1. For residue 197, indicate whether it is assigned to a helix (DSSP H, G or I), touching a helix residue (DSSP H, G or I) at 6+ places or on another chain (Cβ under 6 Å) and of a type in the set (Val, Ile, Thr).
2. Output the residue which, of all residues in region 161-190 that are among the β-branched types (Val, Ile, Thr), touching a helix residue (DSSP H, G or I) at 6+ places or on another chain (Cβ under 8 Å) and at pLDDT below 95, is most open to solvent (accessible area, probe 1.4 Å).
3. Answer with yes or no whether residue 274 is open to solvent by less than 50 Å² (accessible area, probe 1.4 Å), among the polar types (S, T, N, Q), under 17 Å from residue 188 (Cβ atoms) and modelled with pLDDT of 75 or more.
4. Would you check if residue 242 is over 22 Å from residue 277 (Cβ atoms), in contact (Cβ under 8 Å) with a residue 12 or more places away in the chain and open to solvent by less than 20 Å² (accessible area, probe 1.4 Å)?
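The values are calculated or read from the model by the stated rules, or taken from the named source; none is laboratory data. Keep in mind it's a predicted model, so treat the numbers as computed, not measured. Reconstructed Cβ throughout: ideal geometry from the backbone, glycine too, with neighbour counts over all protein chains shown. Heavy atoms of the whole protein, side chains included, go into the accessibility calculation; ligands, DNA and RNA do not. Shrake-Rupley method; radii C 1.70, N 1.55, O 1.52, S 1.80 Å.
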Amino acid sequence: MLQASPSFCFSLLATFPLDLTKTRLQMQGEAALARLGDSARESAPYRGMVRTALGIVQEEGFLKLWQGVTPAIYRHVVYSGGRMVTYEHLREVVFGKSEDKHYPLWKSVIGGMMAGVVGQFLANPTDLVKVQMQMEGKRKLEGKPLRFRGVHHAFAKILSEGGIRGLWAGWVPNIQRAALVNMGDLTTYDTVKHYLVLNTPLEDNITTHGLSSLCSGLVASILGTPADVIKSRIMNQPRDKQGRGLLYKSSTDCLIQAVQGEGFMSLYKGFLPSWLRMQSGWITQGHPVRPSTEFSRRLNPEHFPWARRFDL
């Protein structure tokens, strides 16, 4: 893990502006705000990924592209740690290998989905703070008071207003996204890689892995983006003094309001930066190499299939 830390940190820092842009896009045109008499939906024109990123730089400053990166680092530590420990336990204790010592794809997919759900549930408080801090710059431009002075103040304020339960706001769509993304990534990656090796002149090399990663990231983004949009909106919605949301009663209510007020494609706001972040994360980490130690062998993509991708 120590060997992997520099590449993971570099990937997170390099791709975080895409994550921030994705969150801002997911909030644009939020129909439910009209219930509170918020004029932001009508006054702010819809902007695509590039214009949104440029707008952040011009209106808030270049460094604001990394607003919320600290809780994102916390999230990565908790999420990846929980996911690896859970997957290793499922792999070795619950599922086990088949008689020919091979680990079947269906076990890898189910194990990956379950591990992703556990990791995401544990990391939900950090995800909550990250999303809210990513929207602080937008609130300032709209003349609204800032909610937090910093990361630790954010955790303390959410805890004081909503209790422990408040830190897990949005956990249902969050774990749904984790399950869908892991399922799409694992199944598509292995399916595409095997097809390319068996049916094309390509060998099992970096080109094959790159093409497989491209396809699996696309499928994972298609499956996971709607839940990601719902998750971000629930986490960012205004709350009363008891920490209860003022816009949405549940993830289902958020889904219905989004589709009715903005159309079905509103569920895919932020799709492009989400997909690009998955691909750029794989590129910035580089192609996985054969590990040289027993410890690093346990972090091999064969043991942890998502290790080839920065963040799911």
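1. Considered against the rule, which asks whether it is assigned to a helix (DSSP H, G or I), touching a helix residue (DSSP H, G or I) at 6+ places or on another chain (Cβ under 6 Å) and of a type in the set (Val, Ile, Thr), residue 197 comes out as no.
2. Of the residues in region 161-190, the ones among the β-branched types (Val, Ile, Thr) are 164, 172, 175, 181, 187-188.
With touching a helix residue (DSSP H, G or I) at 6+ places or on another chain (Cβ under 8 Å) added as a condition, the list becomes 172, 175, 181, 187-188.
Still in the running and at pLDDT below 95: 181, 187-188.
Working: 181: 3, 187: 43, 188: 22 Å².
Residue satisfying both the conditions and the ranking: 187.
3. Values: open to solvent by less than 50 Å² (accessible area, probe 1.4 Å): yes; among the polar types (S, T, N, Q): yes; under 17 Å from residue 188 (Cβ atoms): yes; modelled with pLDDT of 75 or more: yes.
Here the answer is yes, as residue 274 does meet what is asked.
4. Judged against the criteria, residue 242 is not a match.
Condition check ((1) more than 30 Å from residue 52 (Cα to Cα); (2) touching a Ser or Thr at 6+ places or on another chain (Cβ under 8 Å); (3) among the aromatic types (Phe, Trp, Tyr)) across all residues:
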| position | (1), (2), (3) |
| --- | --- |
| 104 | yes, yes, no |
| 130 | no, no, no |
| 138 | no, no, no |
| 149 | no, no, no |
| 157 | no, no, no |
| 161 | yes, no, no |
| 166 | no, no, no |
| 184 | no, yes, no |
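This table checks each residue for (1) within 12 Å of residue 184 (Cβ to Cβ); (2) modelled with pLDDT of 95 or more; (3) touching an Asp or Glu at 6+ places or on another chain (Cβ under 9 Å).
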position	(1), (2), (3)
208	no, no, no
214	no, no, no
217	yes, no, yes
225	yes, yes, no
228	no, yes, no
233	no, yes, yes
240	no, no, yes
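Residues are listed down the side, and each one gets a yes or a no for (1) touching a Lys or Arg at 6+ places or on another chain (Cβ under 8 Å); (2) closer than 11 Å to residue 67 by Cα:
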site: 124; (1), (2): no, no
site: 134; (1), (2): yes, yes
site: 137; (1), (2): yes, yes
site: 140; (1), (2): no, no
site: 147; (1), (2): yes, no
site: 153; (1), (2): no, no
site: 159; (1), (2): no, no
site: 162; (1), (2): yes, no
